[in-house]
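These notes concern the structure reproduced below.
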Amino acid sequence: MIFLVAALLLMGVLVGAAAHTPLPVLLPAAAAIALWLLVFTVRERTKER
C-alpha cells in the first residue's frame, strides 16, 4: 500500500512539473511510471491468496 501511495505522489509531482518539462524528458518518465504501475498490477493480480 505504501508503494501505491508513493507511486501516486510521484505521479502528482511529475504531472505538476510536466508544464515546465520538455517533451523528450517527459515521455520516457511517463512511460517508466506506466510500466512500473503495470508490473505492480500484474503482480498483485497474479499473487496467490
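The values are calculated or read from the model by the stated rules, or taken from the named source; none is laboratory data. Treat the numbers as computed from the prediction; the structure is a model and nothing was measured. Virtual Cβ from ideal backbone geometry, glycine too; neighbours counted across all protein chains shown.
Reported count of residues in segment 17-27, each being surrounded by 10 or more Cβ atoms within 10 Å (Cβ to Cβ) and either acidic (Asp, Glu) or out of contact with any Leu (no Cβ under 7 Å at 6 or more places or on another chain) (or both), is 5. Residues that are modelled with pLDDT of 85 or more and small (Gly, Ala, Ser) within segment 13-49 comprise ALA29, ALA30, ALA31, ALA32, ALA34, listed in sequence order.
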